[in-house]
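A.B. asks: Sharing a structure, written as structure tokens. Questions coming.
The values are calculated or read from the model by the stated rules, or taken from the named source; none is laboratory data. Everything numeric here is computed off the predicted structure, so don't read it as measured data. Please note: Cβ atoms are built from the backbone with ideal geometry, for glycine as well, and neighbour counts cover all protein chains shown. Remember, those area values only see protein heavy atoms, side chains included, never the ligands or the DNA or RNA. Shrake-Rupley method; radii C 1.70, N 1.55, O 1.52, S 1.80 Å.
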Amino acid sequence: MSSSSKQTYSARAKNHPNQLVRKLFEVAEAKKTNVTVSADVTTTKELLDLADRLGPHIAVIKTHIDILSDFSEETTKGLAQLAEKHNFLIFEDRKFIDIGNTVQKQYHGGVLRISEWAHIINCSILPGEGIVQALAQTAAAEDFPYGRERGLLILAEMTSKGSLATGTYTTRSVDYARRYKEFVMGFVCNRSLTDEPSTETTKSDDEDFVVFTTGVNLSSSGDKLGQQYQTPQSAVARGADFIIAGRGIYAAPDPVEAAKQYQKQGWEAYLARVGSQ
């Protein structure tokens, strides 16, 4: 595990070079939560209702905006207003995976206009380094109005059984993150990756990539489609800075109470890791 993982969010925020990461850590510290809720619902009403009810207990809401049956400008306007109201960030789990020219249009155009409302996006590096380069160039362009309020997570590992996001793929994820660290804020992965061996890049002394870990669930070990779960405690112990929970929260009999439980356990695990009380 990296040395930065053992520091508090506030300590990491003080010297972090990435503006969005600083904001993320400040949100977590202020609200005492490292929970990202994966809001995999299918209507705007469900999404906004969930965001409003769970907003006080989460640091980030993760969307799959293209599964909504009634997506419109009102969807993203409402989501942005709730993010402001409850002080959380929006992560669109689009998993960009195409050539650079195409992902630039998908991110900063089209009907979804993701760059306008999502603070965080992610991508797979299967197409090669060009996909990271293209997204970073878009965010760095002079006419890009959101500046350093946007960031990218590289999908370095997955929790589904038989995932091929391993070995060289994961190592290259770290390499590309280091080359474009002005825009790449970290990884979606199952553990801290900063000590991943590489012959292409060298870890810098101030390296501090954020780790988001998916598949966190308090009451299940998996599903029928190959998803494999872990607890908040095990995820944070392995290096997760933010835990991503979906069905364990939004499909619970009482989603608000469930969110509170994930918040409590995730925060206690974080305090144990950094040695705070």
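A.B. asks: For Lys203, indicate whether it is at pLDDT below 95 and within 20 Å of Glu129 (Cα to Cα).
C.D. replies: yes
A.B. asks: Restricting to the range 176-188, and then to whatever is touching a helix residue (DSSP H, G or I) at 6+ places or on another chain (Cβ under 8 Å), of a type outside the set (Gly, Ala, Ser) and surrounded by 20 or more Cβ atoms within 10 Å (Cβ to Cβ), can you tell me which residue is farthest from Arg238 (Cα to Cα)?
C.D. replies: Once the filter is applied, the top-ranked residue is Phe183.
A.B. asks: Next question. Enumerate the pairs (first residue in the range 250-277 and within 15 Å of Glu29 (Cβ to Cβ); second residue anywhere and loosely packed, with under 13 Cβ neighbours inside 10 Å) with beta-carbon separation below 8 Å, excluding pairs fewer than 6 apart on the same chain, so at least 6 apart or on different chains.
C.D. replies: Leu271/Gln277; Arg273/Lys6; Val274/Lys6
Residues are listed down the side, and each one gets a yes or a no for (1) under 27 Å from Gly275 (Cα atoms); (2) open to solvent by less than 20 Å² (accessible area, probe 1.4 Å); (3) hydrophobic (A, V, I, L, M, F, W, C):
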residue: Lys6; (1), (2), (3): yes, no, no
residue: Leu54; (1), (2), (3): no, yes, yes
residue: His57; (1), (2), (3): yes, no, no
residue: Lys62; (1), (2), (3): no, yes, no
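A.B. asks: Out of the range 81-109, which residues are farther than 20 Å from Gln133 by Cα, of a type outside the set (Asp, Glu) and free of Cβ contacts under 8 Å to residues at least 40 places away in the same chain?
C.D. replies: Matches in the range 81-109: Gln81, Leu82, Ala83, Lys85, His86, Ile90.
A.B. asks: Another question, then. I want to confirm something. Restricting to the range 90-129 and keeping residues that are aromatic (Phe, Trp, Tyr) and over 24 Å from Ile58 (Cα atoms), which single residue is nearest to the chain's Cα centre (by Cα)?
C.D. replies: Looking at the filtered set, the residue picked out is Phe96.
A.B. asks: Looking only at the range 189-201, filter to residues that are over 19 Å from the mean Cα position of the chain (by Cα) and in contact (Cβ under 8 Å) with a residue 24 or more places away in the chain; which one of those is surrounded by the most Cβ atoms within 10 Å (Cβ to Cβ)?
C.D. replies: Glu196
A.B. asks: Here's another thing I want to ask about it. Of all residues being closer than 24 Å to Asn34 by Cα and either touching a Leu at 6+ places or on another chain (Cβ under 8 Å) or at pLDDT below 95 (or both) in the range 95-131, which is most open to solvent (accessible area, probe 1.4 Å)? Just the residue, please.
C.D. replies: Top of the filtered list is Lys95.
A.B. asks: Could you list, in sequence order, all residues of the range 158-174 that are over 14 Å from Val210 (Cα atoms), of a type outside the set (Lys, Arg) and buried (at least 19 other Cβ atoms within 10 Å of the Cβ)?
C.D. replies: Residues satisfying the conditions are Met158, Thr159, Ala165, Thr170.
A.B. asks: While we're looking at this one, here's another question. In the range 8-40, how many are outside any helix (DSSP H, G or I) and crowded, with 19+ Cβ neighbours inside 10 Å?
C.D. replies: Result for the range 8-40: 9.
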